[in-house]
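Right, I'll just put the structure down here and ask away after.
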Amino acid sequence: MARAAVSGRLTGRLAWRVARLVDHRDETPTARTLVLAVPGWPGHLPGQHVDVRLTAADGYTAQRSYSIASAAGGDRLELTVQQVPDGEVSAYLTQTYAIGDPVEVRGPVGGWFVWHPTGSGPVLLVAGGSGIVPLRAMIRARAAAASQAPFRLLYSVRTPQDVYYAEELRTRTRSDAGLAVTVSYSRRVPPGHRRPPARLGAADLRRAGWPPEQAPACFVCGPTGFVESVADTLVSLGHDPGIVKTERFGPSGGGG
Ligand SMILES: Cc1cc2nc3c(=O)[nH]c(=O)nc-3n(C[C@H](O)[C@H](O)[C@H](O)COP(=O)(O)OP(=O)(O)OC[C@H]3O[C@@H](n4cnc5c(N)ncnc54)[C@H](O)[C@@H]3O)c2cc1C
């Protein structure tokens, strides 16, 4: 491999950078947003993710992927991590990782599941649980770019306590007629909510999404089963499979 290419990889998006935690906030009892300072961060597009690597004192390493929750801007990155039962890395990042602590990050990664802030066509975002993370970056990037692209977000969670970014989503929809947010609950609904608890289905996508004739760009993110079911339903409703983009939050990485 040419010397310039090697040097580009070591200094570019494939380089590991030492990030430090500068702030955090709990989104739900089991999900935490981490604000990282990443010196030399090259910037990113909404929808991309990073690889995070932890190294123990004995040299053991573990690496996982996490979507970027923030719009590009300077050397700060936000990630939101959901603690999974018996999860090695997610438990550390949500419970132990403290202000000032280092972690290595590499990225940005991914070029397909991205929304370009220059786009002006309608956009449908469909999130299951923590799948909201990269879609929140798209919503933030749209606001940062003062984009007029109309966005509709359908967000499926188990219970009202599982909604990430609840206050931010409420505030943004109040002040921005171009952003519509519909939350659906699969196990327990808030008092007064008329839709009974159920998984997101064709009727929800038809009611709160866009008609296929408007050819919205569709971004679907969440657990693998959720993503496959929603993507199949969108196609069965008449959306072009070529513009239904998906990101699956299955297990990633491994020990080292
Ligand atoms: C492109 C990409 C982006 C991602 N973005 C995010 C993100 O923004 N926020 C986030 O919280 N996670 C995200 N993930 C998932 C993340 O990479 C890890 O898989 C997750 O944090 C679990 O890691 P762990 O070390 O805690 O669990 P492990 O120790 O690897 O696994 C513990 C147990 O949990 C199961 N498990 C592992 N991962 C998951 C999962 N994702 N869902 C349910 N069960 C699981 C395993 O099968 C195992 O039984 C993303 C994954 C990918 C591929």
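In contact (Cβ under 8 Å) with a residue 24 or more places away in the chain and either in a helix (DSSP H, G or I) or within 22 Å of Val84 (Cα to Cα) (or both): which single residue out of Gln161, Gln148 fits that description?
The match here is Gln161.
Determine whether region 183-192 contains at least one residue that is in contact with a Phe, Trp or Tyr (Cβ under 8 Å, 6 or more places away or on another chain), at pLDDT 95 or above and more than 23 Å from Ile68 (Cα to Cα).
Yes, the conditions are met somewhere in region 183-192.
Give region 22-39 a look and list any residue that's touching a strand residue (DSSP E or B) at 6+ places or on another chain (Cβ under 6 Å) and away from the ligand (no atom under 12 Å from the Cβ), or say none.
Val22, Asp23, His24, Arg25, Asp26, Val35, Leu36, Ala37, Val38, listed by residue number.
Sticking with this one: Residues to consider are Gly43, Gly47, Gly110; find the one that is of a type outside the set (Asp, Glu), at positive phi, in contact with a strand residue (DSSP E or B) (Cβ under 9 Å, 6 or more places away or on another chain) and away from the ligand (no atom under 16 Å from the Cβ).
Result: Gly43 is the single residue among Gly43, Gly47, Gly110 that is of a type outside the set (Asp, Glu), at positive phi, in contact with a strand residue (DSSP E or B) (Cβ under 9 Å, 6 or more places away or on another chain) and away from the ligand (no atom under 16 Å from the Cβ).
Taking the conditions exactly as written (exposed (fewer than 14 other Cβ atoms within 10 Å of the Cβ) and free of Cβ contacts under 8 Å to residues at least 24 places away in the same chain), does Gly111 satisfy them or not?
no
Right, here's the next one. When you scan region 115-126, do you find a residue that is within 13 Å of the ligand (Cβ to nearest atom) and of a type outside the set (Asp, Glu), even just one?
For region 115-126, residues within 13 Å of the ligand (Cβ to nearest atom) and of a type outside the set (Asp, Glu): absent.
The values are calculated or read from the model by the stated rules, or taken from the named source; none is laboratory data. These figures come from a predicted structure and were not determined experimentally. Neighbour counts are summed over all protein chains in view; Cβ atoms, including those assigned to glycine, are modelled from backbone coordinates with ideal geometry.
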